[in-house]
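Enquirer: One structure, pasted below without further comment.
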Amino acid sequence: MQIARETLLRSYRAMRTIRDFEERLHVEFATGEIPGFVHLYCGEEASGVGVCANLTDTDTISSTHRGHGHCIAKGVEVAGMMAEIYGRRTGVCRGKGGSMHIADLSRGMLGANGIVGGGPPLMCGAALAHKTLKDGGVAVAFYGDGASNEGSTLESLNLASVWRLPVVFVLEDNGYGEATASSYACAGSQKARAEGFGMPYMECDGSDFFAVHQAAAEAIAHARAGKGPVMLHVHLARWYGHFEGDAMTYRASGEVAAERRDRDCLALFRTRVTEAGLLEHSDLDDIDASVRDEIESAVVAAKQAPLPEPEDLLADVYVRY
């Protein structure tokens with residue numbers, strides 16, 4: 001698939017923004033200024049960006065507790081996200097959602113979710129809305145290998161197939177459900193599970209942006225054409241613990257170092273596009289510098305922003321139509 005230069009630049013910027021956003025949070029969380037838990041997406045950037053590069057403003061997504069990357073990939077504004085994570089009133093959810101519950105309906109980002117397996121049922125609802133409204137939209141449910149064993153996910157696979165919904169189930173398999181290896185916890189194969197519900201199954205290497213982009217393009221086109229749901233199984237690796245503070249004693253010595261050295265999706269992207277003459281190193285260097293400034297500004301603004309007021313507890317409780 002030929003990818004336009006602007007798409008390549010935009011995708012690299014999104015991946016770089018996710019990487020720098022998460023690396024900065026890794027540092028900031030250690031200061032104790034950020035409330036709650038933080039789950040980082042470092043190492044997985046090509047998955048969220050590769051999928052979302054094929055989506056339109058009409059399309060919708062749901063995420064997981066590890067949702068910062070999906071938010072950025074779908075276009076949620078970085079400063080508002082940072083303020084939300086700091087629990088500030090200027091956050092995209094006015095400081096009441098925090099890291100695990102960021103949402104921006106204006107961007108089609110229907111929410112990160114602290115409930116494992118909470119996203120797939122929401123996307124069945126979103127997909128039903130797209131189908132009913134005939135707006136051409138596709139719903140994408142990002143979920144992990146741990147969530148693949150949840151009843152809510154399996155029920156969603158069944159419902160999506162029965163109702164022939166335009167939904168893509170993106171299984172981001174980073175090898176571990178918290179501290180338990182997916183190779184131990186997931187019986188059978190994900191392919192057999194998809195086939196058991198009568199839906200196409202695809203898989204790709206999550207460290208390769210181009211592989212994800214191609215597979216996602218085919219899966220999304222299938223759903224958008226009214227042919228029903230698809231499961232896209234993305235194999236990737238997270239560089240940090242399940243949550244910030246996780247010592248990762250369950251991982252083999254040198255495992256993460258090898259992933260950083262051999263499967264860095266940003267480094268692989270840079271090598272691919274520059275060697276092929278699609279982009280220059282200077283193009284990517286300029287993006288790197290711009291993103292660093294953007295993240296720094298977002299952190300400074302978040303720390304200076306006001307906290308929610310007590311009366312904010314009563315705001316945004318009900319939706320009025």
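The values are calculated or read from the model by the stated rules, or taken from the named source; none is laboratory data. No experiment lies behind these values; they were computed from the predicted model shown. Here the Cβ is made from the backbone with ideal geometry for all residues, glycine too, and neighbour counts use every protein chain on show. Surface areas here come from the heavy atoms of the whole protein model, side chains and all, with no ligands, DNA or RNA. Shrake-Rupley method; radii C 1.70, N 1.55, O 1.52, S 1.80 Å.
Enquirer: For the chain, what relative contact order do you get, as a whole percent, if you take Cα pairs closer than 8 Å and at least 6 residues apart? Write down the numbers at each step before the final one.
Expert: Details: 614 pairs, mean separation 72.2, N = 321.
Contact order relative to length: 22 percent.
Enquirer: Dipole magnitude of region 3-255 about its Cα centre, charges +1 at Lys/Arg Cβ and -1 at Asp/Glu Cβ only, in debye to the nearest 20?
Expert: On the way: 22 positive and 28 negative charges, 153 e Å.
That gives a dipole near 740 debye.
Enquirer: Given the options 154, 43, 81, identify the residue whose Cα lies farthest towards the positive end of the charge dipole of the chain (+1 on Cβ of Lys, Arg; -1 on Cβ of Asp, Glu).
Expert: Projecting each Cα onto the dipole axis, the largest value belongs to 154.
Enquirer: Oh, and also: Which GluC sites (Glu not before Pro) in region 225-321 pass both tests, a DSSP loop state and at most 13 other beta-carbon atoms within 10 Å?
Expert: Values: sites: 244, 255, 259, 275, 280, 294, 296, 311; in loops: 244, 280.
Sites meeting the loop and neighbour criteria: 280.
Enquirer: Compute the distance from the alpha-carbon center of region 54-78 to that of region 217-236, in whole Å.
Expert: 17 Å
Enquirer: Pick out, from 119, 90, 105, the residue whose Cα sits farthest towards the positive end of the charge dipole of region 66-145, with +1 on the Cβ of Lys and Arg and -1 on the Cβ of Asp and Glu.
Expert: Value computed over the given set: 90.
Enquirer: In deg cm²/dmol and to the nearest 500, what is the mean residue ellipticity at 222 nm of the chain if only DSSP H runs of at least 4 residues count, each as -39500 (n - 2.57), divided by the residue total?
Expert: Details: 12 runs with 144 residues, N = 321.
The helix-only estimate for the chain comes to -14000 deg cm²/dmol at 222 nm.
Enquirer: Determine the distance separating the Cα centre of region 99-165 from the Cα centre of region 256-282; give it in Å without decimals.
Expert: Rounded to whole Å, the Cα centres lie 31 Å apart.
Enquirer: Quick check: at a probe of 1.4 Å, how many percent of the accessible area of the chain sits on carbon and sulfur atoms?
Expert: Values: 7690 of 14270 Å².
Heavy-atom surface of the chain belonging to carbon and sulfur, 1.4 Å probe: 54 percent.
Enquirer: Hey, can you list the DSSP H helices of the chain whose Cα span along the axis is 20 Å or longer and whose average Kyte-Doolittle score is at least 0.0? Present the calculation step by step, with values, prior to reporting the outcome.
Expert: Working: long enough: 5-29 (35 Å, -0.87); 119-133 (21 Å, 0.63); 209-224 (22 Å, 0.56); 281-304 (35 Å, -0.39).
Span-like helices here: 119-133, 209-224.
Enquirer: Amide H to amide H under 5 Å from residue 170: which residues, 5+ apart in sequence or cross-chain, H placed 1.01 Å off N in plane?
Expert: HN-HN under 5 Å from residue 170: 141, 142, 143, 232.
Enquirer: In straight Cα distance, which lysines are under 25 Å from residue 131, not counting same-chain residues fewer than 8 positions off?
Expert: 74, 227
Enquirer: I've got another one for you. Please go through region 115-199 and write out the chymotrypsin sites (Phe, Trp or Tyr not before Pro) that DSSP classes as loop and that have at most 15 other C-beta atoms within 10 Å. Mind dumping the intermediate values first?
Expert: On the way: sites: 142, 143, 163, 169, 176, 184, 197; in loops: 163, 197.
Passing both the DSSP loop test and the Cβ count: 163.
Enquirer: Given the options 82, 202, 109, which has the most mean-square fluctuation in a GNM of the chain, springs set between C-alpha atoms less than 10 angstrom apart?
Expert: Of 82, 202, 109, the most mobile in the Gaussian network model is 202.
Enquirer: Taking the Cβ of residue 102 as the centre, find all other residues whose Cβ is under 12 Å away and add up their charges (Lys, Arg: +1; Asp, Glu: -1).
Expert: Values: positive: 66, 74, 94, 96, 107; negative: 77, 84, 104.
For residues surrounding residue 102, the net value is +2.
Enquirer: Please identify the chymotrypsin sites (Phe, Trp or Tyr not before Pro) of region 1-68 that satisfy two criteria: DSSP loop assignment and at most 16 other Cβ atoms within 10 Å. Which are they?
Expert: Working: sites: 12, 21, 29, 37, 41; in loops: 37, 41.
Hits after loop and neighbour filter: 37.
Enquirer: For the pair residue 37 and residue 253, how long in nm is the line joining their label points, each one 7 Å along Cα→Cβ?
Expert: Calculated label separation equals 2.9 nm.
Enquirer: Just the projected area, averaged over all directions, of the convex hull on the alpha carbon atoms of the chain: how many nm²? Could the numbers behind the result be given before it?
Expert: On the way: hull surface 66.4 nm².
Orientation-averaged projected area of the Cα hull: 16.6 nm².
Enquirer: Assigning unit charges at the beta carbon (Lys, Arg +1; Asp, Glu -1) and nothing else, what dipole magnitude in debye, to the nearest 20, does region 219-321 show about its Cα centre?
Expert: On the way: 12 positive and 19 negative charges, 150 e Å.
The dipole magnitude comes to about 720 debye.
Enquirer: What does the net charge come to around residue 145 if you take all other residues with beta carbon closer than 14 Å to its beta carbon, with K and R at +1 and D and E at -1? It would help to have the intermediate numbers written out before the result.
Expert: Details: positive: 66, 191, 193, 238; negative: 44, 150, 172, 173, 178, 203.
Once all neighbours under 14 Å are counted, the net charge is -2.
Enquirer: Can you give me the accessible area per residue for the chain, using a 1.4 Å probe, in Å²?
Expert: On the way: 14270 Å² over 321 residues.
In whole numbers, the chain has 44 Å² accessible per residue.
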